[in-house]
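Here's the structure, in structure tokens; my notes come after.
The values are calculated or read from the model by the stated rules, or taken from the named source; none is laboratory data. Please read these numbers as outputs of a predicted model, since none were measured by experiment. Virtual Cβ from ideal backbone geometry, glycine too; neighbours counted across all protein chains shown. SASA here: full protein model, heavy atoms, side chains in, ligands and nucleic acids out. Shrake-Rupley method; radii C 1.70, N 1.55, O 1.52, S 1.80 Å.
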Amino acid sequence: MLELRNISKYYNPGTVNEMCLFDHFNFSVGDQEFVSVVGSNGSGKTSMLNIICGSIPVDNGTIAINGTDITGMPEFKRLKRIGRVYQNPAMGTCPNMTILENMSLADNKGKSFNLKWGTDKNRIDFYRDRLKILNLGLEDKLQIPVGSLSGGQRQAMAMLMSTMTPIEFLILDEHTAALDPKTADLIMELTDKIVREKHLTTIMVTHNLRYAVKYGSRLIMMHRGEIVIDRAGDAKKSLKIENILDKFNEISIECGN
Amino acid sequence: MLTILLGVLVEGFAYAIMALGVYITYKILDFPDLSVDGTFPLGGAVTAVLIIAGVNPLLTLFISFIIGGIAGMITGIIHVKFKVRDLLSGIIVMTALYSINLRIAGKANLPIFSRESIFENAFLARIIPEGLNPFLDTIILLIIVVIMKLLLDLYLNTKSGYLLRSVGDNETLVTSLAIDKGTVKIIGLALANAFAALAGSIYAQKSGFFDISMGPGAIVIGLASVIIGTNLLKRNSAVKATTAVIIGSVIYKACVSFAISLGMAPSDLKLITSVLFLIILILGNDRKRKVKANA
């Protein structure tokens, strides 16, 4: 259970550009829920993810996981049980390190980074098996630097790496937005597969309404720091793109987009 | 001719150890660390004082390494904990160390000619045949450089080393791994400056004195070595970057020695150092532009 309670967030406080994004914002996600988040630019989707992960501080309110207040916990400690994939495929991997080294790094999350060998030879077969799932042939390129892979390949790796160790939450920040439609479909299927396999509580921000409708167990639409649509269970299953598109257009016209 | 060649190798190897440190900050951490200008002479000052006090020369290497590491850690803490910009953190520590080095040594030049050093001691005099003497310095330095290079290579292949490489490559990933990236940076800076102080210790023992003027410009020599080495040997994947840095250091010292042999005065040394560095940077940029134009 992840909860945001009475969150307030101001940008540029005390200046003429002061902007209130969240004013007593409330949001909670149940265990193993898969929430798709849609909304226009500036509606607060990514800010919400940043607040959950601790990348930006809040001005008011509490963030809690399973009832424990984590508002003051630094980002790197929160990420112990959170996996995060970013819009930019370069954010989830180390370009100058090889595929094998990247996999080894991800595999060591939560353990001590001591003076033992960086790559455990006994794990290489396991890494190969994981990479095989992607169907991109990366399992035969373990020694090449990740920087020479395409955006889609890197994002696929980022997806694998962020979910390699036991985590409870998966945060996806428009993780298919920088990819071509076909690769995006591939990554989305991979996401769904991993989320089911690992029983992760997932929050996915996306601009792709089709994905938002097709995947996940709950859909929310955000607008100006508030949730304007929230559908879960059967109401989510019966949701059609047209239903949310109308609302979306209404919002967009209001914003002048 | 042989004397000149040996001289270049000795200088090149001594500075190569510092260049390995600069490689850690500049290439791996992507951190422009100027504290090296202070930690290189710091190693020299500490060593000179210790040797005069009768401490075993080998032990002074170890002590210099540790003290340099502490100085680097301070640069890291200033940057990470107090959020001072990377360049400024280095400048603060470098400037402070200038006075600290003078205090440690007691004066601007502290000779240790007549004392035992890693290059001249009773043990070596006993086991090394007379004929090898002209090559002795070079051989000893080569051994130390190779050991330090191998240790660094080993370290970079440990879990901790992986983390160091990833923090320069992609900080976000380090945070994603639930690791405080600040701590990793501090470790990297400590390691780099430990290498620099070790080099300073060796350099002082080789020249037979500590001199405050060995500091200013050390970072330029280190950077030049790293850039020459990694640029020249970029396409040759069989040569590790750490080896390339050592080769770069020797090439750089050869260039300086060549410039001096053309009739420049020793007092022009820093001028030569920086002009050569500038030329290397310009040549490096030129090559990049050509690649872009052809792409």
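Key figures for this structure:
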{"item": "Residue satisfying condition, being open to solvent by less than 10 Å² (accessible area, probe 1.4 Å) and under 25 Å from A:I65 (Cα atoms), within set A:M204, A:M188", "result": "A:M204"}
{"item": "Single residue of region A:238-249 satisfying the filter (in contact with a strand residue (DSSP E or B) (Cβ under 9 Å, 6 or more places away or on another chain) and open to solvent by 50 Å² or more (accessible area, probe 1.4 Å)) that is farthest from A:E33 (Cα to Cα)", "result": "A:K247"}
{"item": "Pick from region A:16-35, criterion aliphatic (A, V, I, L, M) and either closer than 23 Å to A:I65 by Cβ or outside any loop (DSSP other than H, G, I, E, B) (or both), ranking: most open to solvent (accessible area, probe 1.4 Å)", "result": "A:M19"}
{"item": "Qualifying positions in region A:113-143 - hydroxyl-bearing (S, T, Y) and more than 25 Å from the chain's Cα centre (by Cα)", "result": "A:T119"}
{"item": "Every residue from region A:50-104 that is at the interface with chain B (Cβ under 8 Å from one of its Cβ atoms) and open to solvent by 20 Å² or more (accessible area, probe 1.4 Å)", "result": "A:P74, A:E75, A:F76, A:K77, A:K80, A:Y86, A:A90, A:M91, A:P95, A:N96, A:E101"}
{"item": "Failed item, numbered, when A:N114 is tested on (1) part of a loop (DSSP other than H, G, I, E, B); (2) open to solvent by less than 40 Å² (accessible area, probe 1.4 Å); (3) polar (S, T, N, Q); (4) within 14 Å of chain B (Cβ to nearest Cβ)", "result": "(2)"}
{"item": "Condition broken by A:F126, with the remaining ones in (1) away from chain B (no Cβ under 12 Å); (2) over 20 Å from A:L186 (Cα atoms); (3) at pLDDT below 95 satisfied", "result": "(3)"}
{"item": "Residue tally, condition among the aliphatic types (A, V, I, L, M), in contact with a Gly (Cβ under 9 Å, 6 or more places away or on another chain) and open to solvent by less than 20 Å² (accessible area, probe 1.4 Å), over region B:21-52", "result": "8"}
{"item": "Within region B:143-209, helices (runs of 4 or more DSSP H) holding 1 or more residues that are in contact (Cβ under 8 Å) with a residue 12 or more places away in the chain, open to solvent by 20 Å² or more (accessible area, probe 1.4 Å) and not charged (D, E, K, R)", "result": "B:159-169, B:181-207"}
{"item": "Residues located in region B:210-230, provided they are out of contact with any Lys or Arg (no Cβ under 9 Å at 6 or more places or on another chain), within 14 Å of B:M18 (Cβ to Cβ) and either without any contact (Cβ under 8 Å) to a residue 12 or more places away in the chain or of a type outside the set (A, V, I, L, M) (or both)", "result": "B:G215, B:G222, B:G229"}
{"item": "Options A:L172, A:L219: the member that is touching a strand residue (DSSP E or B) at 6+ places or on another chain (Cβ under 9 Å), buried (at least 19 other Cβ atoms within 10 Å of the Cβ) and under 25 Å from A:D129 (Cβ atoms)", "result": "A:L172"}
